[in-house]
Amino acid sequence: MYTNQVTERVSSWKKSSVFTVMDRGQVALYDDRQSLLRFKEGETADIQWKWIHLPMKSQNRTINKLIVYNRSAENVDVKLSVRYQMVERSAEVVYYSPSQESLIVHDQNSYALFGGITSQGTQCSYSTSLVNQEGATDIEYMQMQPIVQFSHGWGLEYKLSLEPYMSDFFYEWEMKHEDLFWLEEAHSQYHTLLRSCQR
């Protein structure tokens, strides 16, 4: 397994992500509580994967891509779970935005937006409360949850169904700004741009 370090982060929350091949195994892709990565690759249960932190000019945005390839002769369901945890305090408000298909967090004087897309569309579920992934193989997420005040964390989960000998991908991003409209516009641009990459 090859890894390369990175030191840039958007804000004061901690982030970790887990890639799961349904009923066959899982692997921790990214955990900035331990190390900050730019690149990582490996294989889990006949699924080859490559996680890439894409470079950004803006310090208030980050975007990651996970490419997966099914080496087996059967369909395989996989998922990417991303967990965020506040450091030393809670976020004032966390809610799911149906119009943006994303999580939006109000953190003191600014907003943060968390979203993503897969090569098969959005297919994402969210949690507006802290998700405990330590040792867990299956976490219940919901598509739409109510506004949560003083949340200590939140999470996202993306799913794909891989055909035999086919490649697919996940994108997931976060961005922070004091203007919520700016965030929604930037998020929409990502969706428009990356949706054109879908198969």
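The values are calculated or read from the model by the stated rules, or taken from the named source; none is laboratory data. Since the structure is predicted, the reported quantities are computational estimates derived from the model, not experimental observations. Note that each Cβ is placed from the backbone with ideal geometry, even for glycine, and that neighbours are counted across all protein chains shown. Ligands, DNA and RNA are stripped out before the accessible areas are found, and what is left, the full protein with its side chains, is counted by its heavy atoms. Shrake-Rupley method; radii C 1.70, N 1.55, O 1.52, S 1.80 Å.
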>> For the list (1) modelled with pLDDT of 90 or more; (2) outside any strand (DSSP E or B), I need the number of the one condition that Arg89 fails.
In response: (1)
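Here is a check on your reading of the model: is Ser72 under 30 Å from Gln48 (Cα atoms), surrounded by 16 or more Cβ atoms within 10 Å (Cβ to Cβ) and not hydrophobic (A, V, I, L, M, F, W, C)? Steps first, please.
Numbers: under 30 Å from Gln48 (Cα atoms): yes; surrounded by 16 or more Cβ atoms within 10 Å (Cβ to Cβ): no; not hydrophobic (A, V, I, L, M, F, W, C): yes.
So Ser72 does not fit the description; no.
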>> What are the pairs with Cβ atoms under 9 angstrom where one residue, in the range 70-94, is without any contact (Cβ under 8 Å) to a residue 60 or more places away in the chain and charged (D, E, K, R) and the other, located anywhere, is open to solvent by less than 10 Å² (accessible area, probe 1.4 Å) and in a strand (DSSP E or B)? Sequence gap at least six, or different chains.
In response: Glu92/Val105; Glu92/Asp107; Glu92/Ser151
> From the set of residues in the range 80-94 that are in contact with a Gly (Cβ under 9 Å, 6 or more places away or on another chain) and open to solvent by 10 Å² or more (accessible area, probe 1.4 Å), which is nearest to Glu174 (Cα to Cα)?
Replying inline: Arg83
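Look through the range 116-126, keep the residues that are within 17 Å of Pro146 (Cα to Cα) and open to solvent by less than 10 Å² (accessible area, probe 1.4 Å), and return whichever of them is modelled with the lowest pLDDT.
Residues of the range 116-126 that are within 17 Å of Pro146 (Cα to Cα), as a first pass: 124-126.
After this cut, where a residue has to be open to solvent by less than 10 Å² (accessible area, probe 1.4 Å) as well, the list is 124, 126.
Working: Cys124: 81, Tyr126: 88.
It comes out as Cys124.
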> Could you list, in sequence order, the residues of the range 43-69 that are assigned to a loop (DSSP other than H, G, I, E, B) and open to solvent by 40 Å² or more (accessible area, probe 1.4 Å)?
Replying inline: Asp46, Pro55, Met56, Lys57, Ser58, Gln59, Asn60
